[in-house]
Structures are given as structure tokens and as C-alpha cells.
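Just below is one structure, and these are the notes that go with it.
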Amino acid sequence: MTKDKNLKTTSDFYKERVSTGQKVSMINLGCARNTVDSQTIVSNLKRKGHLISDLENADVAIVNTCAFIDEAKKESIDMIADLLELKKEGKLKKVIVAGCLAQRYHKELAKEFDGIDAIIGAQKLDKNAIPSNTYLTPKHYAYVKISESCYNRCSFCIIPKIKGKFTSRTIESVVDEVRQLDEQGVKEINIIGQDITAYGMDLYHELSLARLLKEIVKVTQNIQWIRLLYAFPAHVTDELIDVMASEEKICKYIDVPLQHISDNLLLSMNRNITKQGTFDLMDKFRAKMPQGSLRTTFIVGMPGETEENFTELIQFVKDYRFEKVGTFLYSREEGTVAYDMADQVPDKIKRERMKQVMQIQQDISAEIQQSYIGRTLKVLIDEKQNEEGFYIGRSEYDAPEVDGIVYVGSDKVLKPGDFIDVKISDAYEYDLVGEVV
Ligand code: SF4
């Protein structure tokens, strides 16, 4: 991790930059992992007597940025520019930039933007951390981050360089947090990290997610859904699949970014798995959880991706019929191994390939969505009734904020956090519609 006197640590920042009593607005960009970091910042600020407010009434704005791909960087930079404009207009006193973009480009940000009051880098994770008691998510679900940074070194990815050393929290610390969430009445927890399946490699010297999950299940009463986000295929063990299949509370859903299927690409991406290994893993998942839902992502246009490699990917998407697929264009990131690779794929081809994958997946998704019609699903209500008279919820096959929703018709009054059985009567591209049974 970069050491630089201009880059503040979080404790410097609390001491120097925000006077007690100032109203602080936290703007969170990027993924759920950032949400957890923002929660920690907000918790610490509250503990030190600061008031948290919306942007309109704030003295200080903190933006937690993302630097994963170009699009995310642009969103972060636009937000910084907007906040500095508000400062110029006298509507804000201070603008603080935190997170991955700040860690990676702190020198450039300081040079390009006049008026940033502090730039704070990526946060370190204390493996025994006392859990944050401020959650930026609705009361009935939460993200539980079990590790920081990444154990892997995918050739296209800058995250491990930005985030530093891979660190797992202890089992005790995670279980304490889950117990606390359970006591607060939370109904669903989402286990997150860059690669949750590498959990424990640093602390316990073995893949320990299955063991952690067994301990988590023991302390849950209110929590009925435990969801696994961001698994690394090479680290998904048989034991983990068995625990998922046998523990009722673990959602039969996994977000497992596969990135590609061609052996050439899996090798150049440094994914530590082969095409056959990927087939075996998917087959095991389907065999143990036939009704389960698989979310994956693919990268198209990685350097050296030939037409033939791409055809393999298309075939794989057709054959394995994933419930949810996200596709990214390869983004050439300075400081990564792939940056200097030969045979960079022209942008136009990347875009065409992405379009092709998405078109194929669209038809598959539509068929899968139709297959839910007539089925009864357990649904967690996320939002109260909208103007059209529907409550908004999700089944265990949909993660909050990324997947689809279920529109629920009900004569009974429902509230966020309620679990109910819903008979599905209609299906859209991503969303379902149904009535309480
Ligand atoms: S698993 Fe690979 S792509 Fe994901 S964060 Fe780690 S290094 Fe990056």
C-alpha cells in the first residue's frame, strides 16, 4: 500500500479534519464492500460526537470512492467535482475523499482538484474489530465483511494492490457481529469480501468459510437468510457446497465470478482453475442444489481473447444457463500484469462481444423467469406498499441491490422485514409478480 505523507490515515482525518458538532454527509459509491467501510466511518464519527446528515444540510461531505473500472472511476470523479462545486458556492465547508480511488490516485487528485480538504486511503481491517453499530442498509438486512483485500492475483485486477495485504477477521469477531445483528432483528445477512472463499487462509492457514458458516448458523434466530457474495471458483470446496446445501438458512444462491471459460484465458487471467475444473464445480452446485441460483460475471476482450476463445465462452453461457450474468469489458488498468500483455483487443470488438453475451443471456433469463410462474416462493419484504398497491420484496434467489425484485400483492398489511409466501403469477426480464398465499 502506498505510503505518502499527503495520504491521511482515518485516525489523522478524525483528529484534524472534522470539528466535533459538524454535520457530516456520507456518500457511498461502488460495491457493498464500500458500504461496509462507509458504515465504519459513520460509526466512528458518531462515536466522536459528529452529527450525520443528508448532503443538503451538511457542513462536511465525505465521498467513499470506487476505482474498479473506468466507469466507476468516472462516477467517483464526477461526484468529487459536484461536491467541490457545492463548496465553491458556500453550501459545504469541507470535502473529504476516501476509498479506492483516493488510495490509488491520491497524488493526481490533489493536483487536479483544488479544494479537497483531505484524501484518506483504503481502510485497514482490524481482525478483531468491534463490529460497527451503524448500518447504512435497511434495518432488516446487513452486509457482513469477513475479510479485507484479496488473496488472489488476477492479472487484470488492481484491487489487491489498492487494498494491501489480505486480512481475515477472526471467527469470534464475525460471529459476535452476527449475534449483535440477530439481536437487533435483522433477517438477512450478506457475507462479503473480495473473495470470501479464501476466508481464513491468513489466520487459520486453510480455507475456512464452511467452518465460519457453521458457527454463524448457531447464533442466528431472527436471521433466516445467509447469503454468500463473491466466491472465487478455485476456492469453492466440496465442504462449502455441502454446508450450503444442508443448512436451511444459507440461501441457495451464490455469486461466483467465473470471468471466462477458455483455458487460455483462465491461465492468462491467473484464475487457478481450468475449463474442466469450472464444469465440475458448476455440475456439483447444480447436483446439490437443483433449485439454486447462480450469479456470475464474465470479462470480454481480455488481451489475447481470440474468436475461438470467445466462441467457447458463448457456448458455455448457452450450455450452463446461469440465472444471472453480468458482463464487463476488459478495462486496461495501469499497474496490472495484463496491462502490458500483447494482443489487446480493439474496443469495437469488445463491445460487440459484450452485446452478444448479453443478448444470449437475455433469452435464457427470460425462460428462467417464466419458469417461476406458478411456484410459491418465500419472499422477504424490502419496501412498503407503492402507489400501485404492491409491496417490494425478494426471494432467496435475489441479492439486495443487484438482482431482481418481487412485486407482492397483499390484502394483509406487510412491513419491511416480514417473510411471506408468494405465489408467482407473472414474470418480467428481471422481476417477478405474485400474490401472498
Ligand atoms: S478475485 Fe481476482 S478479480 Fe476479484 S478482487 Fe481478487 S484479484 Fe481482483
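Scanning region 232-259 for residues that are over 17 Å from MET282 (Cβ atoms) and surrounded by fewer than 22 Cβ atoms within 10 Å (Cβ to Cβ), which turns out farthest from the ligand (Cβ to nearest atom)? The selected residue is GLU248. When region 371-408 is examined, which residues are found to be within 20 Å of ILE254 (Cα to Cα), surrounded by fewer than 17 Cβ atoms within 10 Å (Cβ to Cβ) and touching a Phe, Trp or Tyr at 6+ places or on another chain (Cβ under 8 Å)? Of everything in region 371-408, just one residue is within 20 Å of ILE254 (Cα to Cα), surrounded by fewer than 17 Cβ atoms within 10 Å (Cβ to Cβ) and touching a Phe, Trp or Tyr at 6+ places or on another chain (Cβ under 8 Å), namely LYS378. When each of ALA366, ALA399, ALA342 is tested for being in a helix (DSSP H, G or I), among the hydrophobic types (A, V, I, L, M, F, W, C) and either touching a residue at least 12 places away in the same chain (Cβ under 8 Å) or not assigned by TED's automatic domain parsing to the domain that holds GLY30 (or both), the lone residue that passes is ALA366. Whenever a residue of region 236-264 is not assigned by TED's automatic domain parsing to the domain that holds TYR151, it has no partner that is within 16 Å of the ligand (Cβ to nearest atom) and assigned to a helix (DSSP H, G or I) lying with C-beta atoms less than 7 angstrom away and at least six residues away or across chains.
When residues in region 195-224 are screened for being touching a helix residue (DSSP H, G or I) at 6+ places or on another chain (Cβ under 6 Å), under 23 Å from LEU258 (Cα atoms) and assigned to a loop (DSSP other than H, G, I, E, B), 2 of them pass.
Within region 152-185, restricting attention to residues that are closer than 30 Å to PRO416 by Cβ and part of a loop (DSSP other than H, G, I, E, B), the residue that is farthest from the ligand (Cβ to nearest atom) is GLY185. Among the residues of region 413-429, those identified as within 16 Å of GLU383 (Cβ to Cβ) and loosely packed, with under 14 Cβ neighbours inside 10 Å are VAL413, LYS415.
Restricting attention to region 369-396, the residues that are touching a strand residue (DSSP E or B) at 6+ places or on another chain (Cβ under 6 Å), modelled with pLDDT of 95 or more and assigned to a loop (DSSP other than H, G, I, E, B) add up to 4.
The values are calculated or read from the model by the stated rules, or taken from the named source; none is laboratory data. Note that the structure is a prediction, hence the values are computed from the model and not measured. Here Cβ is always computed from backbone atoms with ideal geometry, including for glycine, and neighbour counts include all displayed protein chains.
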